[in-house]
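Visitor: Handing you this structure, nothing more for now.
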Amino acid sequence: MKIILSLLLLALSATPVTAESRTTAFDRVITKRELRCAYTIYPTFVEKDPNTGKFSGLFYDLMEEMGKQLEIKIIWSEEVGSDNIFEGLKTGRYDAVCAGYFGTPARTFGGDFTKPVFYMPYNAYVRADDTRFKKFEDLNSDKVTFSTLDGELSSVIQAKRFPLSKAISLPGLTPATDRLEAVVSKKADVTMMEPSIAEEYMAANPGILKQLTEQPLEVGGSVIIIPHHEHALKNMLDATIDSMTITNTLQPIIKKHQKFKGSFFAPSKPYEAVE
């Protein structure tokens, strides 16, 4: 009997720990009633007053509203750069990246996404007096240098759509406006970013930069990034996004932070009236 019991205990101890048997981020969230969010300081999306430590911004307000809807507390736990957003997800330091990143194919290797909370254009900007470029295809040349940010969409697009070009890539925590300044100072010829940032810079510095074309370079969905295999957590957050869209809770928050027309697009409601 002792031998059988010993063998049974040995077998149990050798049983591998599966994804299903581990405590999930969802389990922790519903037990502690809090969601630990990593964030990136990025104008309009998440901003932090250096004197008071108070947060603000579009994605900050959206996440705080989601917390109210779910009756959980949003913990703004850790600042991360665009080049290291996935490290804490893998080690469990935080439950989600709540900074408004685009859901790009390359990022699926590091985490899963919620459905888009909103959509936004991504534009190309050059010097106002630079007449070399008329269309996006003109940028795909070894004579063109992009100003990009490590791990951010600008670096992805430059490598994917303009492989012949060169790039000056800045560290992930570099302020977004530094990419624009690189173009102004002629260290680079072009940069790409959200119009919410570029339009504000151009309004404060008129006549220096211009948007390359009226049409955006790309339009993408802004998502919450969560660890792989967290299906219950994704379902919970997706249901909240749907509820905020249908009840018109989402739209006023987006409108509040849209200083320039066309900077953000709210998701459409998933139904229509039957006549």
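The values are calculated or read from the model by the stated rules, or taken from the named source; none is laboratory data. Predicted, not measured: the structure shown is a model, and the values here were computed from it. Backbone-built Cβ (ideal geometry, glycine too); neighbour counts: all protein chains shown.
Visitor: Name, by its number, the condition in (1) more than 22 Å from VAL144 (Cα to Cα); (2) surrounded by fewer than 17 Cβ atoms within 10 Å (Cβ to Cβ); (3) in the same structural domain as ASP130 (by TED's automatic domain parsing) that does not hold for HIS228.
Guide: (3)
Visitor: Can you tell me which residue in segment 48-60 is surrounded by the fewest Cβ atoms within 10 Å (Cβ to Cβ), limited to those that are more than 14 Å from the chain's Cα centre (by Cα) and not in a loop (DSSP other than H, G, I, E, B)? Quick ask: steps written out before the conclusion?
Guide: First, the residues of segment 48-60 that are more than 14 Å from the chain's Cα centre (by Cα): 48-56.
When the remaining residues are screened for being not in a loop (DSSP other than H, G, I, E, B), the result is 48, 55-56.
Numbers: LYS48: 16, PHE55: 18, SER56: 12.
Only one residue tops the list, namely SER56.
Here's the yes/no breakdown for (1) at pLDDT below 95; (2) out of contact with any helix residue (DSSP H, G or I) (no Cβ under 7 Å at 6 or more places or on another chain):
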{"position": "PRO171", "(1), (2)": "yes, yes"}
{"position": "LEU180", "(1), (2)": "no, no"}
{"position": "VAL190", "(1), (2)": "no, no"}
{"position": "GLN211", "(1), (2)": "no, yes"}
{"position": "SER222", "(1), (2)": "no, yes"}
{"position": "PRO227", "(1), (2)": "no, no"}
{"position": "THR249", "(1), (2)": "no, no"}
{"position": "PRO252", "(1), (2)": "no, yes"}
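Visitor: Taking PRO105 and the conditions (1) loosely packed, with under 14 Cβ neighbours inside 10 Å; (2) over 23 Å from GLN215 (Cβ atoms); (3) at pLDDT below 95, which numbered condition does it fall short on, given that it satisfies the others?
Guide: Only one criterion is unmet by PRO105, namely (2).
Visitor: Report every pair of residues separated by at least 6 positions or lying on different chains whose Cβ atoms are under 9 Å apart, first residue within segment 228-251 and over 18 Å from CYS98 (Cβ atoms) and without any contact (Cβ under 8 Å) to a residue 12 or more places away in the chain, second in a loop (DSSP other than H, G, I, E, B) and of a type outside the set (Val, Ile, Thr).
Guide: ASN248/LYS269
Table: residues versus (1) within 30 Å of ASP27 (Cβ to Cβ); (2) assigned by TED's automatic domain parsing to the domain that holds LEU62; (3) β-branched (Val, Ile, Thr); (4) surrounded by 14 or more Cβ atoms within 10 Å (Cβ to Cβ).
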{"position": "LEU233", "(1), (2), (3), (4)": "yes, yes, no, yes"}
{"position": "MET236", "(1), (2), (3), (4)": "yes, yes, no, yes"}
{"position": "THR249", "(1), (2), (3), (4)": "yes, yes, yes, yes"}
{"position": "PHE264", "(1), (2), (3), (4)": "no, no, no, yes"}
{"position": "SER268", "(1), (2), (3), (4)": "no, no, no, no"}
{"position": "VAL274", "(1), (2), (3), (4)": "no, no, yes, no"}
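Visitor: Hey, another quick one. In segment 148-164, which residues are surrounded by fewer than 21 Cβ atoms within 10 Å (Cβ to Cβ), within 17 Å of the chain's Cα centre (by Cα) and part of a loop (DSSP other than H, G, I, E, B)?
Guide: ASP150
Visitor: Among the residues of segment 172-186, is there at least one that is charged (D, E, K, R) and crowded, with 20+ Cβ neighbours inside 10 Å?
Guide: If we filter segment 172-186 for residues that are charged (D, E, K, R), which is where we start, we get 178-179, 181, 186.
From what is left, the residues that are crowded, with 20+ Cβ neighbours inside 10 Å are 179.
Yes - at least one qualifying residue is present in segment 172-186.
Visitor: For segment 23-43, enumerate the residues that are in a strand (DSSP E or B) and at pLDDT below 95.
Guide: Looking only at segment 23-43, we keep the residues that are in a strand (DSSP E or B), and these are 34-39, 42.
Hit for segment 23-43 is TYR42, nothing else.
Visitor: Tell me which of these GLU78 doesn't satisfy, since it passes every other one: (1) assigned to a loop (DSSP other than H, G, I, E, B); (2) under 19 Å from the mean Cα position of the chain (by Cα).
Guide: Of the numbered conditions (1) assigned to a loop (DSSP other than H, G, I, E, B); (2) under 19 Å from the mean Cα position of the chain (by Cα), the odd one out for GLU78 is (1).
Visitor: Can you pull out the strands (runs of 3 or more DSSP E) entirely within segment 165-221 that have at least 2 residues that are touching a residue at least 60 places away in the same chain (Cβ under 8 Å)?
Guide: 190-193, 209-211
Visitor: Shifting gears a bit: Among all residue pairs at least 6 apart or on different chains, which show Cβ distances below 8 Å where the first residue, located in segment 31-57, is in the same structural domain as GLU78 (by TED's automatic domain parsing) and the second is part of a loop (DSSP other than H, G, I, E, B) and among the polar types (S, T, N, Q)?
Guide: Partner pairs satisfying both residue conditions: THR40/SER82; THR44/SER263; VAL46/THR40; GLY57/THR44.
Every residue, every condition in (1) surrounded by 20 or more Cβ atoms within 10 Å (Cβ to Cβ); (2) at pLDDT 95 or above; (3) within 12 Å of the chain's Cα centre (by Cα); (4) outside any helix (DSSP H, G or I), yes or no:
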position	(1), (2), (3), (4)
GLY67	no, yes, no, no
SER82	yes, no, yes, yes
TYR94	yes, yes, no, yes
PRO121	no, yes, no, yes
ASP129	no, yes, no, yes
SER141	no, yes, no, yes
